[in-house]
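I have placed the structure first, in the form of structure tokens, so that the comments after it can refer back to it.
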Amino acid sequence: MTSIVEPGSDAAAEGAPAPDADAVARRMQDPDWWRQAAVYQIYPRSFADSNGDGIGDLKGITSRIPYLVSLGVDAVWLSPFYPSALADGGYDVDDYRDVDPKLGTLEDFDEMIAGLHAAGIKLIADIVPNHTSDRHVWFQEALAAPKGSPARERYIFRDGLGPDGATAPSDWESVFGGPTWERVPDGQWYLHLFAKEQPDLNWDNPEVREDFLTTLRFWSDRGVDGFRVDVAHALTKDMTEPLQPWAELGAQDEDNQGLHPFWDRDEVHEVFASWRAVLDEYTPPRSAVAEAWVHADRRGRYASPEGLGQAFNFDLLQASWDPASFRDIITKNLTEARSSGASSTWVFSNHDVIRHATRYGLPLEQDRDGRKWLLAGGDESVLDRELGERRARAVTQLMLALPGSGYIYQGEELGLHEVAGIPDAERQDPTFFRSPGVDVGRDGCRVPLPWTTDGESFGFGFAGAHLPQPAWFGDHAVEVQEQDPGSTLAFYRRALVLRRELQGAEDFDWVEGASGDVLHFVRPGGWHSITNFGAEPVDLPVGSVLLTSSPLEAGRLPANPTAWIR
Ligand code: GLC
Ligand code: CA
């Protein structure tokens, strides 16, 4: 691994110091903690396995709290940990108010949250309101109940078309490929925007609305500090017949002006207003962040203080390595967040996309998300791993200097690349099964983390891992990187410690430089962030260099890194 921290910096591979009791208490009580938090996403089944069944679990997370402390994150976002058959990696929830027995118990949950809180780390739980799993008691009741019954009214059942009702009610396509309708034995069809094991709830039904308020209270009472709201923009639907043909509908992230039958309808904000009322019953109020793939102009509605308070913006995650588009996206999102009273969110990697170290190491012009490359088997000859890692660190450092909250996905702090070439027989993602030949799915970013250089499952657990780990994982293990002050892990730790020290008000100003290839901005207290997107080295302004994502060359910023200066 190359050295990426400036020689002479004390860049402490050991990471952030444990916070003292006063700092913990202050952080825990701060109502605005989420506005500029560094949030670490844990995909629980792939983080740490405490009992050797190959599946990460809550006790595994608890055992790694010292690691989270040393990383210096403010909060953990925990992807679904509820009972689930894993038809969609846990986003198919059987019971919203329990823990998957494969992951532990409610007592384990209490222990985990107590440990996180004692360390000053907040917990954001993922909540999945658009659909239940097909094993949820409500769906089982719906299947057993007759057509038109109240049990069916909790979901979206319809008769089919044609004389015998054998044609689906519409030709809509599911997000994971294939039809959105599935037929049940008595001939009716139910709607599922995702996998068929994920029937969509009917958000016009007051019982559904009430039940989710109960769930929000259930977890808030247990100490959950915030919620990440899965597919927040799909809940309310206009199912007035005749249903519009698929060819006439826009995509989910287009500007549909609230007219699409299921994406981004205006009525959804009534639901979130009622959620906000519940979240505000708590001290400090519980935070919420919407996963809403909507047009940037409509994102503020989800992020308003009367609504969820914050919304993900996936614009940078979808941007090419291009300073002009980065600049536009940053300006636009900061303006928009300010006008809705929210703070922005920034993210480059999560459990749904190809890891950003890989995306930035590919010749991407026609394949920005890397999916075609992955589908074609992940040809190593076109992947520049080193370049990808350098650029990934640079954009991460840039992101961590922006006002708003920054999301880090487990493993990116190790510089992990996407795992390509998982054998078909071992794939788990429904995207792979539902879209044969079109998408291999998201398993490549969900492979269990390497903690040690060798040993069973690289220290993920003491037995196997539920997805196969490649041999190169050992070189990226936490154990190796902790010994190396030039590692990506040491870089993340240093960046997060500094961020905490430097972070002040949410002000932000661009600094106009000599070259259009450089993005330079300044934050309160004279904290400058400078990223060189170009091929030529550039001079840095005078000041002390606090951190660079790759070494300087003769005091100048070469191609691809970010520097912080004060
Ligand atoms: C969200 C999740 C994704 C899941 C989908 C359906 O997009 O991030 O992982 O498959 O919702 O719940
Ligand atoms: Ca386990």
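For K59, go through the lysines and keep the ones whose alpha-carbon is under 19 Å away, minus same-chain ones fewer than eight residues off. Partners found: K102, K122.
Using only Cα atoms, what Kirkwood radius does the range 108-257 have, in angstroms?
Here the Kirkwood hydrodynamic radius works out to 17.3 Å.
Would you tally the net charge around A234, using a Cβ to Cβ cut-off of less than 11 Å, leaving A234 out, and scoring K and R as +1, D and E as -1? Here the charged neighbours net out to -2.
Taking every protein chain into account, the accessible area of the range 218-277 amounts to 39 square angstrom per residue (probe 1.4 Å).
Subtracting the Cα-Cα distance of D484 and V438 from 0.36 nm times their residue separation leaves 12.5 nm of extension gain.
Its Cα gyration tensor gives the chain an equivalent ellipsoid, and the semi-axes of that ellipsoid, as √(5λ) in whole Å with the largest first, are 39, 25, 25.
Count the net charge of all other residues whose Cβ sits under 12 Å from the Cβ of S339, scoring Lys and Arg as +1 and Asp and Glu as -1.
Values: positive: R299, R301, K332, R338; negative: D297, E336.
Neighbourhood net charge equals +2.
With a 1.4 Å probe and all protein chains left in place, how much accessible area per residue does the range 285-332 have, in Å²? Working shown, then result.
Values: 1480 Å² over 48 residues.
I get 31 Å² per residue for this part.
Once you reduce the range 402-423 and the range 119-177 to the center of their Cα atoms, the two points are 32 Å from each other. The Cα-based radius of gyration of the range 456-497, divided by its Kirkwood radius, gives an Rg/Rh of 1.07. Amide hydrogen proximity for W181: with H placed 1.01 Å from N in the peptide plane, the residues at 5 or more positions away or on another chain lying under 5 Å are H192. Taking the 1.4 Å solvent-accessible surface of the chain as the whole, the part contributed by carbon and sulfur is 53%. Note that the range 402-524 presents 35 Å² accessible area per residue, ligands and nucleic acids not counted, probe 1.4 Å.
The base-10 log of I(q)/I(0) for the range 258-373, evaluated at q = 0.10, 0.16, 0.23 Å⁻¹, reads -0.37, -0.83, -1.24 [Debye formula, identical scatterers on Cα atoms, solvent excluded]. Value of Rg to Rh for the range 383-477, rounded to two decimals, is 1.01; Kirkwood radius and Rg both from alpha-carbon coordinates. Beta bridges assigned by DSSP with both partners in the range 117-238 are antiparallel in approximately 70 percent of cases.
How much of the pair distance distribution for the range 73-112 lies past 11 Å, counting alpha-carbon pairs only, in percent? Present the calculation step by step, with values, prior to reporting the outcome.
On the way: 494 of 780 pairs.
In whole percent, the share of Cα-Cα pairs in the range 73-112 beyond 11 Å is 63.
Looking at the range 107-167, the pairs of alpha carbons with a distance over 19 Å make up 58% of the total. Calculated [222 nm] ellipticity per residue, helices only, for the chain: -7500 deg cm²/dmol; basis is -39500 (n - 2.57) per DSSP H run with n ≥ 4, divided by all residues, nearest 500.
With the convex hull of the Cα atoms taken as the outline of the range 255-301, the averaged projected area works out to 3.4 nm². Between the range 54-72 and the range 322-350, the C-alpha centres lie 30 angstrom from each other. Accessible area per residue was computed with a 1.4 Å probe on protein heavy atoms; E210 scores about 100 Å².
Calculate how many DSSP beta bridges within the chain are antiparallel, expressed in % of all such bridges and rounded to the nearest 5. Numbers along the way, then the final one.
On the way: 26 of 52 bridges.
Of all bridge pairs located within the chain, approximately 50 percent are antiparallel.
The values are calculated or read from the model by the stated rules, or taken from the named source; none is laboratory data. Not measured: the values here are computed from a predicted model. Cβ coordinates were reconstructed from backbone atoms using ideal geometry, including for glycine residues, and neighbour counts include every protein chain displayed. To get the accessible areas, we keep the full protein, side chains included, count just its heavy atoms, and leave off ligands, DNA and RNA. Shrake-Rupley method; radii C 1.70, N 1.55, O 1.52, S 1.80 Å.
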